[in-house]
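A short worksheet on the structure shown next.
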Amino acid sequence: MRRVFAIAIVFAALLAPVSLRAASGHFDRLERGALPQVRPPKVRTVVLPNGMRCYLLADHTLPIVEMGVIVKAGSIYEPAKKVGLAALSASLMKIGGAGERSPEEFDSALDDIGASLSVSSGREMQSANLKVMSEDVRRGLGLFFDMLFKPVFDKSRLKTARKTLQEEIIREDDDPGEQASYELRKLVYGEDSPWARRPTKRSIRAVKLGDIESYHERYYRANNMILIAAGDFSYAEFISLLKEFTACAPVGEIDFPKVEPVEMELKGDERTIVRPTSQAFIRMGELTIKRHNPDKYALFLVDTILGAGGFKSRLMDEIRVKRGLAYSVYSALMPGTDYGLFVVGLDTSANQADRAIELVREQIAAMAGGHISKEELAFAKRSMISRLVFLFDKPYGVVSHMARFHFYGYPEDYWRIYRDRIVASKLSDLKRVAKQYLHPDKLDVVIVGPNPKGRARGKGR
Amino acid sequence: MAARIVRFRLANGMRWFIVRRTQAPVFSGIVMVRAGGVDERTGKTGVAHMFEHMAFKGSSRLGTKDWKRERKILKKIEKLGAELTAIENGESPDVERTAAIKKEMAALKKEASRYQVENEVWELFMRNGGKGINAYTSKDVTAFFASMPSNRLALWANVTAEMVFRPAFRDFYTERSVVAEERRTGVENSPNGALVEKLLSSAFRTGPYSWSTIGLEEDVVGLTIGDAREFHSENYTPSNMVGVIVGDVDVARAKRIVAGAFGGFPNRKRPPERKTGDVAVGGVETEFGFDAAPAVAVAWHKPTLPDPSEYTFDVILSLLCDGSSSRLKKRLVYDRRLAKEVFCSDAFPGSRLENLFLIWVEPLKGRSPKKILRIIDEEISRLTKEPVSEQDLARVRKQVSAGLMFALDANEKLAEELARFETIFGDWKLLFDYPDRVAKVTKEDVMRIAKKYLIDSNRIVVERERRR
């Protein structure tokens, strides 16, 4: 009974909000009193002699320790012919054995202490995470750092890693919603862009063991990692364990390959991928701002009002709440190291697709045209600010956020800047950035679903 | 941990738990109702989930500017909606009448909206720092939850009480279309949703485990406000509900708040629960086509808690599927390179009725499901013949204890686990006793239970094949 297979039907939604108005009847009295201030617990920041930056937070609520590293590495640095190298390196690091242990011995050693280990590989960040009972922290750390610094990269397990990655791609494509999302990225950034490309059977096969070894050697250096840990430990003991286990870690400057810059270009292309589904899976998007653009805060507010704010955001209200056209409809602003992606997504019965796309365009055009109210702004601000307290509600979350702020080049108390900039955003700022960055007529559109000719007369309610 | 849990029962029978955790000035709250897919009747499948959607549409006090006036219009909508639903799902729909009703309903909807405050429930939560505001429906329960800043406990409690006790059933027919879209995304166009549905209908000939929680398509489009209202009044009664609050709250004050918000709703007698009624079918092998990579589901009928075999199944699950060194993962994923992933569950699709032990395999491209099934057979047969080593049992015990700790590390997770054990089994303590119960399982138990239940006549195999 411990494990409940994921078959519960969740009501829905992302975050949510709009319109600042006193609640009816006796509910407004329940809203009195200032919301609590954000007060992150005191975190111990240590830079080890090898350059590894560590954020640590002791918390003795439960007898467990959770730890992880984030590494500056990922798929944007891969050679074009070896797309998949980063993902394969990460997965082989985990399954290919480590230190003195063969893959089988490594797997058993982890399971013997009931540990939970995961690795993941993104476009510009890789990470590893370990959860372990505090009584086993020494053994856990040993395995964790063996994996990071002394991976075996077993040859037969490389076959497994290759096959698994290939299968992942196949299965992602089987999901029409995921397929639509990937295809939109390709349409916006270009098929071969490091920010959009995906591994193929051929590019996976091109990755050799030697590539993985040199990839690992290049990026997995102590000074290219941030370590985070929270849980049931004493600082002094834990830090000395870290020193002990990372003593042999390689160090040195990393020569990051040049990543082709994204060319800012809005196209308004449309692509239909015909599949015999009963719904059309629609993704619309365009290139958007970079991460350190000062307009980001106002644009986040625009995004919240438009479609990232859950149930009272305009897209949700117009398309789901008022018309029942879709279960899920959202917008998402993802500023990037290079130009980021702004996307709107929805799934609707095929015969409603054209109407839904039109509604989305109308809503984006309304925002771009400056039709934003003071009430909407006030509500969006309040919901975004009042939720900040949750950045720091879990010990591991506290250190994890700090590490990520540092990784992306912000100060460690970046949340203050975020809060102050959101608060300071004026209606005129929102109108300006909405006009500057939203282009309802230049959105690229991907539709995965039945043939467009059949769409208008397709079945559906 | 167990010692820090404060328990109490309101006069109307609603059970509550409060756990003070002061890491941050926030709390997570959940109200769980022992009302899920298993409480539905044939022909009205999906109504539990449909009600869950209704709860967010507000009450007679939330979401309205003038309930007296709004209510009159809602009553008209309810009547017309029932008529329209009957016509649309009837033998030969009356086209003229359908159009007339639709027109009238649209006008009424517009009129009602003059008195309504759209999404007020969401607005209140969001304006006050709410996070993770959501709900889910499973076969066993329906749960409503949110996390909020500590000094909004009274708001959370009062809004949640409105949602579960005083629903207004607004926008039912628009929301029914939303649920129909949800079904299309989650079942009709989803390879895994389709396999779940096929597995359930193959393993159970009748009864609530034979359909998926979201309901059968023909039933969902036939649901009316009356159906949702009936489901609610039968099941959403205080003694059938459990509430949990975990976080930085003052316990005495929290008790007063909870009593004030939830205590005023009278308890009602609930109709007797279904104890069984499923016709379980074993010895089934079937397949179906879908535009997606293959998957294989193998399942066996088994008892559920309080039957003590449950703990033995937990051990079996860990031996087969927990971690990379577990028997099936090791063989299928690593040694033989036949599958991408293996998942297991020993409480599928729910825990309140006798359920299934499930093994779910995603084969690698070009690998034969037959080979995979053969290896599963070998591992099952090994369980029946070869005593589990002390070392393997020790590992399982460790995995279970660690897994329990990992599952409690966030306020919302602890709240949900406590609510789940109390709501489903009427025994919150079981959550903490779990490692001890599993530790008592012997190698003889494993052999005996495997021999008794993991047999071919008790087994269902469903293969999903790629077909365009």
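The values are calculated or read from the model by the stated rules, or taken from the named source; none is laboratory data. Since we're looking at a predicted model, the values are computed, not measured. No Cβ is skipped: glycine too gets one built from the backbone with ideal geometry, and neighbour counts run over all protein chains shown.
What the table shows:
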read-out: Candidate set from the range A:420-436 (those that are out of contact with any helix residue (DSSP H, G or I) (no Cβ under 6 Å at 6 or more places or on another chain) and assigned to a helix (DSSP H, G or I)); member that is nearest to A:Lys290 (Cα to Cα); value: A:Gln436
read-out: Any hit, the range A:51-61, residues being touching a residue at least 60 places away in the same chain (Cβ under 8 Å), among the acidic types (Asp, Glu) and not in a helix (DSSP H, G or I); value: yes
read-out: Condition met for B:Ala180 (part of a strand (DSSP E or B) and either aliphatic (A, V, I, L, M) or within 8 Å of chain A (Cβ to nearest Cβ) (or both)); value: no
read-out: Criterion (charged (D, E, K, R) and either assigned by TED's automatic domain parsing to the domain that holds B:Gly289 or free of Cβ contacts under 8 Å to residues at least 24 places away in the same chain (or both)) met by exactly one of B:Glu175, B:Glu197, B:Glu188; value: B:Glu197
read-out: Subset of the range B:437-468 [aliphatic (A, V, I, L, M) and more than 29 Å from the chain's Cα centre (by Cα)]; value: B:Met447
read-out: Lone unmet requirement of (1) in contact with a Pro (Cβ under 8 Å, 6 or more places away or on another chain); (2) within 14 Å of chain A (Cβ to nearest Cβ) for B:Asp39; value: (2)
read-out: Criterion (over 30 Å from A:Tyr330 (Cα atoms), away from chain B (no Cβ under 14 Å) and basic (Lys, Arg)) met by exactly one of A:Lys201, A:Lys186, A:Lys208, A:Lys267; value: A:Lys208
read-out: For B:Phe125: the one exception among (1) within 30 Å of B:Gly193 (Cα to Cα); (2) at the interface with chain A (Cβ under 9 Å from one of its Cβ atoms); value: (1)
read-out: Strands (runs of 3 or more DSSP E) wholly inside the range B:287-385 containing at least 2 residues that are assigned by TED's automatic domain parsing to the domain that holds B:Val446 and surrounded by fewer than 21 Cβ atoms within 10 Å (Cβ to Cβ); value: B:339-348
read-out: Residue identified as within 13 Å of chain A (Cβ to nearest Cβ), closer than 20 Å to B:Val164 by Cβ, among the β-branched types (Val, Ile, Thr) and surrounded by 23 or more Cβ atoms within 10 Å (Cβ to Cβ) among B:Val47, B:Val31, B:Val26; value: B:Val47
read-out: When residues of the range B:403-435 are limited to those that are without any contact (Cβ under 8 Å) to a residue 24 or more places away in the chain and of a type in the set (Phe, Trp, Tyr), the one farthest from the other protein chains (Cβ to nearest Cβ); value: B:Phe421
read-out: Complete set of residues in the range B:133-157 that are under 24 Å from the mean Cα position of the chain (by Cα) and within 8 Å of chain A (Cβ to nearest Cβ); value: B:Ile133, B:Asn134, B:Ala135, B:Tyr136, B:Thr137, B:Ser138, B:Lys139, B:Ser147
read-out: Which listed residue is of a type outside the set (D, E, K, R), modelled with pLDDT under 95 and not assigned by TED's automatic domain parsing to the domain that holds A:Arg387, from A:Met1, A:Met93, A:Met52; value: A:Met1
read-out: Count of residues meeting criterion [free of Cβ contacts under 8 Å to residues at least 60 places away in the same chain and within 14 Å of chain A (Cβ to nearest Cβ)] in the range B:4-23; value: 1
read-out: Test: residue in the range A:87-108 that is among the β-branched types (Val, Ile, Thr) and within 14 Å of chain B (Cβ to nearest Cβ); value: yes
read-out: Residue, farthest from A:Met147 (Cα to Cα), within the range A:81-115, restricted to residues that are among the hydroxyl-bearing types (Ser, Thr, Tyr) and more than 29 Å from the chain's Cα centre (by Cα); value: A:Ser108
read-out: Unmet criterion (only one of (1) under 34 Å from the mean Cα position of the chain (by Cα); (2) assigned to a loop (DSSP other than H, G, I, E, B); (3) more than 14 Å from chain A (Cβ to nearest Cβ)) for B:Ser92; value: (1)
read-out: Selection count, the range A:353-404, where residues are within 23 Å of A:Val302 (Cβ to Cβ) and part of a helix (DSSP H, G or I); value: 30
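For (1) of a type in the set (D, E, K, R); (2) touching a Gly at 6+ places or on another chain (Cβ under 8 Å), each residue gets a yes or a no:
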site	(1), (2)
A:Val343	no, yes
A:Glu362	yes, no
A:Gly369	no, no
A:Gly397	no, no
